[in-house]
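Q: Pasting a structure below so you can have a look.
Readers should treat all values here as calculations from the given coordinates under stated rules, not as data from a laboratory. All values reported here derive from a predicted model rather than from experimental measurement. Please note: Cβ atoms are built from the backbone with ideal geometry, for glycine as well, and neighbour counts cover all protein chains shown.
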Amino acid sequence: MTKKTLGIGLIGAGFIGRAHAFGYHTMPAVFANAGALPVLKVMCDTPAARAKQVADELGFPCSTDDWRKLVNDPEVDIVDICAPSNLHREIALAAIAAGKHVYCEKPVGLGGAEATEIAAAAKKKGIKTQVGFSYARHPVIGLAKKLIDEGALGKLIHMRWTYNEDYMSDPAAPFTWRNDAKLGSRAGALGDLGAHGLAITGVLAGEISAVCARTVLATPKRKDPATGELRQVDNEDVTDCLFECSNGVTGIFSTSRIACGSKMHLSFELVGSQGTVRWNAERYNELDYYDSREPKDRQGFRTIFANASHAPYGNFCPAPGHGIGFNDFKVIEIYELMEAIASGKRVLTDMDDGARVGRIMDAVLDSADKRAWVSVG
Ligand SMILES: NC(=O)c1ccc[n+]([C@@H]2O[C@H](COP(=O)([O-])OP(=O)(O)OC[C@H]3O[C@@H](n4cnc5c(N)ncnc54)[C@H](O)[C@@H]3O)[C@@H](O)[C@H]2O)c1
């Protein structure tokens, strides 16, 4: 039987756009059972010469420097947005109006209001969405969720998480679009990194309903490589935050883009009345689990390596402990979106999740401005 095919239009071929292209090429080989197959149609970037070059490199037959042409191309069924945050809203709303499905990178748009507007438009039009919260769909995060749902942790009580990297720890690191509120939003480390921790909190612990935060901007001015001038950085280097969930779980998180030595330190510890799960993305493929019901003489954390019983690990590799990696999250996201379109399933982190994370980030930054607890809108 010939499978349904879905035409892909990809906007932005930077860091994450290339990972998406990898995902489209790899998905059919990993998920032979997929209900639909992606077919690369149009690549958009700027200027036009760059668009043509990356289209050739990544295997797209057509290129353009005008995302509106891509959105309105009848060959394109899925508009994949890997451009800076200021472009998300306009592109997503145009794509939805044209009846296209939307795959958008996180954090969606310039804040909760934009992401909520996109989510509402998508629902009204009945199209499918996917938001690229990568880590939330690691097979061992699925295992953590299963343990929680089965009651293995007892009643959830407290979550502590961190997402630290050091890509801006050097004060001489140049000003980029991420430092400009008009292009990258008023969320700095919180948007770039913390959004992932918030998505995982939503999947595992519950819905964050109130926050109390403080932010730090350690390097307020950075050199703009385009002009050579020092420019004011519009968003924070570090966010620390207490949070409460509507189900009674409480927690604390910290996220930094200037944490010297941390390369991919997304980690959490989720404590229940009977046990704990903990994870550190610098060791992606290991979940630590503690069960307080075990006899005292053998109590202790045990490390469970990802294996084929943790779907969809087995699609990538039959052997336990061999591991999957960063680009594989995009393979999984693309598969989930294909399934959602082919069979109506909801994806794990769609635009509603993107909007919820956006509203939490707004509340976190409002709280830091006011130096007070703030409820999530
Ligand atoms: N899920 C993840 O782990 C992850 C990782 C990195 C980035 N991201 C997100 O992905 C998005 C892009 O980030 P990035 O790191 O790839 O940025 P980047 O700067 O590396 O790439 C952005 C690309 O968009 C292109 N672009 C800019 N304006 C454009 C326009 N008008 N039309 C078409 N193309 C245009 C740029 O030329 C560039 O190729 C952001 O939302 C970011 O937060 C997510």
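Q: Could you check the simple spin-label distance between K370 and R293, using points 7 Å along Cα→Cβ, in nm with one decimal?
A: The modelled label-to-label distance comes out at 4.2 nm.
Q: Here's something else I'd like to know. Grab the range 138-375 and count how many Lys pairs have their alpha-carbon atoms under 26 Å apart, sequence gap of 8 or more, or different chains.
A: Total qualifying Lys-Lys pairs in the range 138-375 comes to 18.
Q: On a C-alpha basis, how far is the centre of the range 282-316 from the centre of the range 318-343 in Å? Whole number, if you could?
A: Rounded to whole Å, the Cα centres lie 20 Å apart.
Q: I've got another one for you. Taking loop as defined by DSSP and a crowding limit of 15 other beta carbons within 10 Å, which trypsin sites (Lys or Arg not before Pro) in the range 290-377 fit?
A: Of the trypsin sites (Lys or Arg not before Pro), the ones in loops of the range 290-377 whose Cβ has at most 15 other Cβ atoms within 10 Å are R293, K345, R346, R371.
Q: If one computes the Cα centroid of the range 110-171 and of the range 46-109, what distance in Å separates the two points?
A: The range 110-171 and the range 46-109 have Cα centres spaced 23 Å from each other.
Q: Residue by residue through the range 105-113, which ³J(HN,Hα) values in whole Hz follow from phi under the Karplus form 6.51 cos²θ - 1.76 cosθ + 1.60 (θ = phi - 60°), with glycine and proline marked x?
A: My calculation for the range 105-113 gives 6, 8, x, 6, x, 9, x, x, 5 Hz in order.
Q: When only Cα pairs under 8 Å and 6 or more residues apart are kept, what is the percent relative contact order across the range 138-375? Don't skip to the end; give the middle numbers.
A: Details: 463 pairs, mean separation 61.3, N = 238.
About 26 percent, as a whole number.
Q: Right, something else. Under 25 °C and 0.890 mPa s, how fast does the range 141-198 diffuse according to Stokes-Einstein, given a Kirkwood radius computed over C-alpha pairs? Answer in µm²/s, whole number.
A: For these conditions, the coefficient is 171 µm²/s.
Q: When every alpha-carbon pair in the range 26-119 is counted, what percent end up more than 17 Å apart?
A: Considering the range 26-119, 55 percent of its Cα-Cα pairs are separated by more than 17 Å.
Q: Something else now. Looking only at the chain, where both bridge partners belong to it, what percent of the DSSP beta bridges are antiparallel (to the nearest 5)?
A: Of the beta bridges lying entirely in the chain, close to 60 percent run antiparallel.
Q: What's log10 of I(q)/I(0) for the range 44-183 at q = 0.12, 0.14 Å⁻¹, Debye sum over Cα points only, no solvent?
A: The computed values of log10 I(q)/I(0) come out as -0.69, -0.88.
Q: Sticking with this one: Starting from the Kirkwood radius over alpha-carbon pairs of the chain, derive D by Stokes-Einstein at 25 °C in a medium of 0.890 mPa s and give it in µm² s⁻¹.
A: Working: Rh = 21.4 Å.
For these conditions, the coefficient is 115 µm²/s.
Q: What's the magnitude of the charge dipole for the range 4-134 around its Cα centre, counting Lys and Arg as +1 and Asp and Glu as -1 at the beta-carbon? Answer in Debye, nearest 20.
A: 360 debye
Q: Cα gyration tensor of the range 257-377, axes a ≥ b ≥ c as square roots of the eigenvalues: rounded (a/c below 1.5), prolate (a/b > b/c) or oblate?
A: Since a/c reaches 1.5 but b/c is at least a/b, the shape of the range 257-377 is classed as oblate.
Q: Do any GluC sites (Glu not before Pro) in the range 215-252 lie in a DSSP loop with no more than 16 other beta carbon atoms within 10 Å, and if so, which? Walk me through the intermediate numbers first.
A: Details: sites: E229, E236, E244; in loops: E229, E236.
Taking the range 215-252 and a limit of 16 other Cβ atoms within 10 Å, the loop GluC sites (Glu not before Pro) found are E229.
Q: Related question: Restricting attention to the range 84-182, which GluC sites (Glu not before Pro) occupy a DSSP loop and are surrounded by at most 12 other Cβ atoms within 10 Å?
A: On the way: sites: E90, E105, E114, E117, E150, E165; in loops: E105, E150, E165.
Hits after loop and neighbour filter: E150.
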